[in-house]
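Structure first, then comments.
The values are calculated or read from the model by the stated rules, or taken from the named source; none is laboratory data. None of the values given here were measured: they were computed from a predicted structure. So basically every Cβ, Gly included, is an ideal-geometry build from the backbone, and we count neighbours across all protein chains shown. Keep in mind that these areas ignore ligands, DNA and RNA; they rest on the heavy atoms of the full protein, side chains included. Shrake-Rupley method; radii C 1.70, N 1.55, O 1.52, S 1.80 Å.
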Amino acid sequence: QVHLVESGGGLVQAGGSLRLSCGASGRTFGTYATGWFRQAPGKERDFVAGIRWSGGMTTYADSVKGRFTISRDNAKNTVYLQMNNLKPEDTAIYYCAVALGVGVPRRTYEYDYWGQGTQVTVSS
């Protein structure tokens, strides 16, 4: 069992930055993949970024490439999402999730554990 807790969301002006954290308890991240997803009101939950715990392979949605960076801290069992140059369209609830399979999945159904989410609001 993996318990995930997100933090770091908030209200920021366009062009600003936030860093989200995803801490895990229970089983460690091990060789799993951790992904960040986001869901805006009335929309589907979309993939944002993912990282393979072992080896550090990363992947990003096209909409955030060059602005967001995903990273991990092995000692703290935490994954981060650094978000720079935020835009109003980045406004959403951000969720982290762990996938027990191979690679770095991009689809929600490939993830096994989810956090409760943290709200990110970007004002124009």
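Overview of values
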quantity	calculated
Considering residues of segment 65-80 that are in contact (Cβ under 8 Å) with a residue 24 or more places away in the chain and among the charged types (D, E, K, R) only, the residue nearest to TYR94 (Cα to Cα)	ARG72
Answer residue from segment 1-44, given it is over 14 Å from the mean Cα position of the chain (by Cα), open to solvent by 30 Å² or more (accessible area, probe 1.4 Å) and aliphatic (A, V, I, L, M) and is nearest to GLY101 (Cα to Cα) among those	LEU11
Boolean, VAL104 is within 10 Å of the chain's Cα centre (by Cα) and either on the phi < 0 side of the Ramachandran plot or among the aromatic types (Phe, Trp, Tyr) (or both)	no
Test result for GLY15, closer than 18 Å to TYR94 by Cβ, among the small types (Gly, Ala, Ser) and either out of contact with any Phe, Trp or Tyr (no Cβ under 9 Å at 6 or more places or on another chain) or touching a residue at least 12 places away in the same chain (Cβ under 8 Å) (or both)	no
Among the residues listed as VAL120, VAL79, VAL104, VAL98, the single one being open to solvent by less than 70 Å² (accessible area, probe 1.4 Å), in a loop (DSSP other than H, G, I, E, B) and either among the hydrophobic types (A, V, I, L, M, F, W, C) or farther than 14 Å from GLY35 by Cα (or both)	VAL104
